[in-house]
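The numbers here are math on the coordinates, done by the rules we state, and not lab data. Because the structure is predicted, anything quoted here is derived from the model rather than measured. Glycine gets a Cβ as well: all are built from the backbone with ideal geometry, and neighbour counts include every protein chain shown.
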Amino acid sequence: MFSAFTSSIFFLAALTLWMIGAIGSLAFMKNDQRANLWGNFFAIFGAVAGLISSFLVLVFGSAFSFNIPSSLHLLSLSFNVDKLSGFFIFAISLISLFTSIYALGYVKHYYKKYNIGTLGFFYNIFLAGMVIVSSASSILFFLIVWEIMSLASYFLVIFEHKERSNIQAGSLYFIMTHIGTAFITLAFLLLYHATGTLDFEIIKSNIGAVKPLTKNIVFILALIGFGTKAGIIPFHIWLPSAHPAAPSHVSALMSGVMIKTGIYMLIRIFMDIMADAPLWWGVVILLIGAISSLLGVLYALTEHDIKKVLAYSSIENIGIILLGLGSSLIFWSMNMKPFAILGLTAALFHTLNHAVFKSLLFMGAGAVISEMHTRNMEEYGGLIKYMPQTAFFFLLGSMSISALPPFNGFFSEWLIFQSLFKGISGSDISVCWAFMLAAGSLAFTGGLAAMCFVNVFGATFLARPRSPEVYHAKESNVTLRIGMFALAALTLVIGITAGTVTNILSGVANDLAIFRSSPPAYYSTPLTVGLKNNFASISMPFIFISLVLVSAIIFFIVFLFTRKRKIKFGTTWDCGTTLSPRMEITATGFANSIIAIFRGVLKPTKQVSIKYRDENMRYFPKTETVKLGTKDIYRGYFYRPLHIFTIKVSEYVKRIQSGNINMYILYILLTLIAILLIVAV
Amino acid sequence: MNPLSPQFLFFLETVLLASVIFMHLTRKNFTVVFLYTVQSLIISGSLFYSSLMEASFLLMAAAIMTFLVKVIVAPFFFYRLIQKHRLQFSVSTYLNGPMTFIVLALLIAFSHSRFFKPLAIISPANGDALLLSMSMIFISIFLTVNRKGALSQMVGILSMENAIVSFAYVSGLETTAGAQVGILFIIFIWIIIASVFASMIYHYFGSLDVSEMKHLKEE
């Protein structure tokens, strides 16, 4: 019905609109209002074009590829949008559409403080970068756009450059992303060396000639490189700093879709380009997923910075996606392709879901922060009275991320569970333990995530205000609410229409060459999704209708019995004391029991500082401050030793720079001899 | 095809190699410059002979230029530098005499090892001469490494350039006359700059011993 030409035209239109948005924002940089409108409206138009293009690819199979020749032989601008690319472009466009609507109102609080033109410029470049990353089909072109995407996001992270902590977060992000890029480059160079081409398609067709050892090294390098971008543990340390530092609509994009470009490339390389994955690849990914999901949610629980909670939660969700991907790789290596499709579909579904609810939550957090001017949840409380709609949208997002039915998060986790259960029942003991560990981790993660978001929602919106700023808080601007409403609605719509979405995602999985002729291990209709072996099935519309009916019945019964009661207003019984916010359970207090249980992993810290009335006598304390926290074990046991080792090596290497010209010439002579020897051998 | 007979070319290469070895042995800067002049004379003479044999005016011009720059101008600048700063002796080396000999022997052995045997393919008749010129390249670089005096280092670099020219000549890989003139022009400019630079170094440090120039290094 729709040709590839139509989808490619919309694809190019999206890129063009984002470029116009970027350049126009810079042109209007002296007028905040115009720069904001120009940058975000073009971002919206670009997102709509991207949505149409990717929708045509996903639903009508209008895949396309084209090449824009360049004077440099190796640097051809090659695009290839198949269903897998189309899916990621769809997710990026979908989220960017609503973040851009949200930004129209959100950016206003930066007027006269920061340069809105540069924000619009980097924002549009960032959007275009993510889409091109998902569609580039040559190594060199990919690396260039990957770098553009990383740099644009770096400048967005340090946008609020007057905050010193943001600059530090940006620097950490900059370093980590480039370490990741170094690994990616090494992986690609190995592939280039083995196949003699930079084109992904030709590499794919020549991959049979690549030695297994080379493939294994590429796997490790790509996993570290793209895993750093995705935020897998222990390469995640940039994420909890960088995501909160960026403006909230950018945080939503970074957490919602940018880190998914890492997932996209993992799927592209491991399941598309490098066929015949050995079993251990899947096991490694499964274990990393289990560790990342569990530790991610545990760290989220210990935080009281609302955006850091969400950032850690992204690590958790990346872990959940990796559980699906890992199980898919394992099934594939065991030649159980129908279940491999199940695992991949589950991973893709959770990718979409996480993009939707995490963006919603970041936008909700942004709305709260713009009113409260702090990210510390301990200073919130009772905001539901002042920001009821924002609170409602945030609640829907929290329910979705906590995997409560009938929201979308529930369904994708259900699918991943099915995949893991099949792994437990259908594999031998050498792999079964990994699936058991993963299933246990996912079950734990689900419970802890629910607890985490009860904590966040309760500490932010419920109970009494814990700071005077709360009393001045106002409901969010209309564009903010439109953006949040749309995503909140999507959490429900995707959940109820899970069967239809599963069908589309099956198409994405089946579009990969390795799964092309294999039917999935499940059936999906708009009403029901179930495994073909009758192990389990689910009907999301039925769950939704049941919940609505049960709620209506409960409401009706309550109404029936209480309709004649008179409402009497009185003072809450307070045991004879005066109620105050200090009596409320805080976010830190709420999480304390969990921290105590997992103290072996979380390594809680406690700093007590006391000020005395008389410093010499020290009998009567004036104030006592207790600061609770957790030790950063990754910095302490991984990055700090690495840092010390690097410094020592650098000190040693520095001796080479003696300042003596004779030594330098000696180096030249030795290098010359070494090169001659290498060439001769 | 090289106009000189293989035996004569081998003889010339032997003299060139001997000149570099003597540069290592001598303690006088005057002798180092003299040996460089001898090298350059052999190179320019060979080029001149080739130009006569090939009846090429451009090649003759290049040979005359070589003679002017390497045999007249460069030694003139170096002699002036020696006289101006009284640098008649330059005995400072990093390695003592016996150690220097050992390294020279190793470098010659290395350039005659199996790694460089394939070079003979370039010019099978002059294979041995090629290996000698290869030895000369290494030994010239080693001169700049081992000597502490800036003047010896400058001559070492020029000697290496002579070694490369001789390698190209023996192997028949000569560049066009125009390119040779260009290279000579660069060498001419380099000699002037290096001389001026050496004078400035002497002015500031009171010595041309590079190991004395500690202040150049960032502390």
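Going Cα to Cα from B:LYS148, which lysines come in below 18 Å? Please leave out same-chain ones fewer than 8 positions away.
B:LYS28, B:LYS214, B:LYS217
For a 24 Å ceiling on Cα separation, which of these pairs sit above it: A:LYS162/A:LYS385; A:LYS215/A:LYS648; A:LYS307/A:LYS603; A:LYS260/A:LYS308; A:LYS204/A:LYS260; A:LYS308/A:LYS611?
A:LYS162/A:LYS385; A:LYS215/A:LYS648; A:LYS308/A:LYS611
Per residue of B:110-119, how many C-beta atoms from partner chains lie within 10 Å of its own C-beta, taken as a mean?
2
Distance from the Cα centre of segment A:178-228 to that of segment A:88-111, in angstrom?
Centre-to-centre distance over Cα atoms comes out at 34 Å.
Put +1 on the Cβ of each Lys and Arg and -1 on the Cβ of each Asp and Glu in segment B:6-205; which of B:PHE8, B:TRP190, B:PHE116 then has its Cα farthest toward the positive end of the dipole?
Highest projection toward the positive end goes to B:TRP190.
Taking the Cα centre of the protein assembly as shown as the origin and placing charges on Cβ (Lys, Arg +1; Asp, Glu -1), which of B:ALA18, A:PHE64, A:ALA536 is farthest toward the positive end of the dipole?
After comparing all options, I get A:ALA536.
Any idea what log10 I(q)/I(0) is at q = 0.07 Å⁻¹ for the protein assembly as shown, Debye with uniform C-alpha scatterers and no solvent?
-0.73
Once the Cβ-Cβ distance between B:ILE186 and A:PHE645 is put in as r, and R0 is 41 Å, what FRET efficiency do you end up with, to the nearest 0.05?
Between B:ILE186 and A:PHE645 the formula returns 0.35.
Could you work out how much longer the chain between A:LEU527 and A:PHE60 gets when fully extended? Use 0.36 nm per residue separation minus the Cα distance between them, nm to one decimal.
Here the answer is 165.9 nm.
First measure r as the distance between the Cβ atoms of A:LEU672 and A:PHE444, then evaluate 1/(1 + (r/R0)^6) with R0 = 60 Å and state the FRET efficiency to the nearest 0.05.
The value I calculate is 0.50.
Could you give the size of the charge dipole of the protein assembly as shown about its Cα centre, using +1 on the Cβ of each K and R and -1 on the Cβ of each D and E, expressed in debye and rounded to the nearest 20?
Around 2240 debye, computed over the protein assembly as shown.
What's the Kirkwood radius of segment A:41-181 in Å, using all Cα pairs?
16.4 Å
Rounded to the nearest 20 debye, what is the charge dipole size of segment B:6-205 about its Cα centre when +1 sits on each Lys and Arg Cβ and -1 on each Asp and Glu Cβ?
Rounded to the nearest 20 debye, it is 740 debye.
Toward the positive end of the charge dipole of segment A:410-487, about the Cα centre and with charges on Cβ (Lys, Arg +1; Asp, Glu -1), which of A:LEU442, A:PRO468, A:LEU480 goes farthest?
A:PRO468
Could you line up B:SER40, A:SER425 from fewest to most neighbouring Cβ atoms inside 10 Å?
A:SER425, B:SER40
Does anyone have the angle between helix B:74-85 and the longest principal axis of chain B? Alpha-carbon axes, 0 to 90°, nearest 10?
10 degrees
Report the far tail of the P(r) of segment A:347-410, meaning the percent of Cα-Cα pairs longer than 21 Å.
27 percent
What residue among B:PRO75, B:PRO124, B:PRO98 has the largest mean-square fluctuation in a Gaussian network model of chain B, using Cα springs under 10 Å?
B:PRO98
Just grab the label-to-label distance for A:ARG464 and B:ALA105, each label 7 Å out from Cα along the Cβ direction, in nm (one decimal).
9.6 nm
Quick check: convex hull of the Cα atoms in segment A:634-680, volume per residue, rounded to a whole Å³?
Residue-normalised Cα hull volume stands at 79 Å³.
Tell me, how many Å apart are the Cα centres for segment B:27-84 and for segment A:635-660?
Each part's Cα centre sits 49 Å from the other's.
Set the Förster radius R0 to 22 Å, insert the Cβ-Cβ distance between A:THR625 and A:THR577 as r into 1/(1 + (r/R0)^6), and round the FRET efficiency to 0.05.
0.40
Work out, in µm²/s and without decimals, the Stokes-Einstein translational diffusion coefficient of segment B:6-205 at 4 °C, 1.567 mPa s, Rh from Kirkwood over C-alpha pairs.
75 µm²/s
For segment A:482-530, take the convex hull of the Cα atoms, compute a quarter of its surface area, and give me that in nm², please.
Average projection, Cα convex hull of segment A:482-530: 4.1 nm².
What spacing in nm lies between the two simple spin-label points modelled at B:ALA168 and A:ILE585, each 7 Å away from Cα in the Cβ direction?
For the pair B:ALA168/A:ILE585, the computed spacing is 8.5 nm.
For n ≥ 4 DSSP H runs only, could you compute -39500 (n - 2.57) per run for chain B, divide by its residues and tell me the 222 nm figure to the nearest 500?
The per-residue figure over chain B is -24000 deg cm²/dmol.
In whole Hz and in residue order, list the ³J(HN,Hα) couplings for segment A:33-38 that follow from phi through the Karplus curve 6.51 cos²θ - 1.76 cosθ + 1.60, θ = phi - 60°; x for Gly and Pro.
Values, residue by residue: 4, 5, 4, 5, 4, 4 Hz.
By per-residue mean of other Cβ atoms within 10 Å, what is the highest-first order of A:555-567, B:186-198?
B:186-198, A:555-567
Under the 0.36 nm per residue contour assumption, what length would be gained going from the current alpha-carbon distance of A:ALA552 and A:CYS432 to full extension?
Length gained between A:ALA552 and A:CYS432: 38.8 nm.
For segment A:516-674, what class follows from the C-alpha gyration tensor (a ≥ b ≥ c being the square roots of its eigenvalues): rounded when a/c is under 1.5, otherwise prolate if a/b is larger than b/c, else oblate?
Taking the square roots of the gyration eigenvalues as a ≥ b ≥ c, segment A:516-674 is oblate.
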